[in-house]
1. What tally of residues in region 45-65 results from selecting those that are touching a residue at least 60 places away in the same chain (Cβ under 8 Å) and under 30 Å from Gln166 (Cα atoms)?
2. When you check Gln134 against the structure, is it in contact (Cβ under 8 Å) with a residue 24 or more places away in the chain, part of a loop (DSSP other than H, G, I, E, B) and surrounded by fewer than 16 Cβ atoms within 10 Å (Cβ to Cβ), yes or no?
3. Of everything in region 185-203, what is among the aliphatic types (A, V, I, L, M) and surrounded by 14 or more Cβ atoms within 10 Å (Cβ to Cβ)? Give them in sequence order.
4. Cβ-Cβ under 7 Å, sequence separation 6+ or interchain: first residue in region 162-176 and among the β-branched types (Val, Ile, Thr), partner part of a loop (DSSP other than H, G, I, E, B). Which pairs?
5. Under 6 Å between Cβ atoms, which residue pairs at least 6 apart in sequence (or on different chains) link something in region 179-198 that is part of a loop (DSSP other than H, G, I, E, B) with a partner that is surrounded by fewer than 18 Cβ atoms within 10 Å (Cβ to Cβ) and not aromatic (Phe, Trp, Tyr)?
6. Quick one: how many residues across region 47-82 are of a type in the set (Asp, Glu) and either touching a strand residue (DSSP E or B) at 6+ places or on another chain (Cβ under 6 Å) or surrounded by 19 or more Cβ atoms within 10 Å (Cβ to Cβ) (or both)?
7. Test each condition in (1) assigned to a loop (DSSP other than H, G, I, E, B); (2) over 16 Å from the mean Cα position of the chain (by Cα); (3) under 16 Å from Tyr89 (Cβ atoms) for Phe121 and report the one that comes out false.
Amino acid sequence: MKTIKTFLMVIGVLAGLSFTSVSDNPGYDIGDIATDFKLKNIDGNMVSLSDYKEAKGFIVIFTCNTCPYAVAYEDRIVALDKKYASKGYPVIAIMPNNTEVKPEDSMEHMQARAKAKGFTFPYLMDEGQKIYPQYGATKTPHVYLLQKTQKGNQVKYIGAIDDNYQDAAAVNVKYLEDAVDALLAGKEIKETKTRAIGCTIKL
């Protein structure tokens, strides 16, 4: 009986430590300054936010090939880049999954998917899964809207693209577009955080 109690106590302590480590590092919050990265694009080049000298900010989207939610948003992500890149807010897509767990998210599959869907934006691989934990991304897709400031790239919006992943025609609230439009108009973003809906990032 004493052995069982001791075992349960150890499990409880470990669970507590695990919970603490997760809650102590939740990633970026609104107002935080996002660290730049250098990740490989599908064209073989390395891409950083600092490469975009003329950008006013960035629409950073963690997404992948294999998640049905991410696939459902692909056309909308392409449309977002076409609408906002010329206005200073290009899309930067990042694939965060472990490709050993999800082989269809490999660089070769990313290249094929981007070509098939006509991606107009960088599609980067988070090799070693070092970037998505910094952001605190948990889903695909998961959006982080950044604005260039004197301090750096400041996080202005976190969450979902809109309120209906199933049907673009049935969307009532375009959270991300509303946020970008507010920044372009020099106004406050009304809703800065929403819940990202998607598949969990595969470790």
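Read the figures in this text as sums done on the coordinates, not as results from a lab. Model, not experiment: these values are computed from the prediction. All Cβ positions, even for glycine, are placed from backbone atoms using ideal geometry, and neighbour counts span all protein chains on display.
1. Adding up the residues that qualify gives 8.
2. Spelling it out, it is not the case that Gln134 is in contact (Cβ under 8 Å) with a residue 24 or more places away in the chain, part of a loop (DSSP other than H, G, I, E, B) and surrounded by fewer than 16 Cβ atoms within 10 Å (Cβ to Cβ).
3. Ile189, Ala196, Ile197, Ile201
4. From residues that are among the β-branched types (Val, Ile, Thr), the pairs are Val171/Asp162; Val171/Asp163; Val171/Asn164; Val173/Asp162; Val173/Asp163.
5. Pairs found: Thr192/Ile30.
6. Qualifying residue count, region 47-82: 2.
7. Looking at each condition in turn, Phe121 falls short on (2).
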